[in-house]
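First comes the structure, then the notes that go with it.
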Amino acid sequence: MSKPVTIRVPEELHAQLQARAEAEGTTVTSLITEAARNAVRDPRLEGAAEVFRAFITDNAAAFDAAFPDDAPDRLDASRRAA
């Protein structure tokens, strides 16, 4: 369930929001909702996905050697099995 929130923004900012929403094929409400989510996001999670990807990349060979039956196919740069 969502909750309505009313805010007042200067006309210039509203015009910028409308232009960006149109350019991205979304709505002003969606842009503001995403900005609100970003404002309350846990800062400890910043960069977590990149750290996880780096860990997997750095340790993939060790995992594959330890669990050869479970080793996934590797993808090349074009996202095809290597």
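The values are calculated or read from the model by the stated rules, or taken from the named source; none is laboratory data. As the structure is a prediction and not an experimental result, all values here were calculated from the model. Positions of Cβ are backbone-derived with ideal geometry, glycine not excepted, and every protein chain shown enters the neighbour counts. Calculation scope for accessible area: heavy atoms of the full protein, side chains included, ligands and nucleic acids excluded. Shrake-Rupley method; radii C 1.70, N 1.55, O 1.52, S 1.80 Å.
Details
- Close pairs from segment 2-20: first free of Cβ contacts under 8 Å to residues at least 24 places away in the same chain and open to solvent by 70 Å² or more (accessible area, probe 1.4 Å), partner of a type outside the set (Lys, Arg) and in a helix (DSSP H, G or I), Cβ under 7 Å, at least 6 apart: 18/28; 20/31
- Every residue from segment 42-72 that is modelled with pLDDT under 85, assigned to a loop (DSSP other than H, G, I, E, B) and open to solvent by 80 Å² or more (accessible area, probe 1.4 Å): 46
- The single residue among 75, 31, 17 that is on the phi < 0 side of the Ramachandran plot, modelled with pLDDT under 85 and not small (Gly, Ala, Ser) turns out to be 75.
- Residue check, residue 36 part of a helix (DSSP H, G or I), at pLDDT 90 or above and either within 19 Å of residue 7 (Cα to Cα) or touching a Ser or Thr at 6+ places or on another chain (Cβ under 8 Å) (or both): yes
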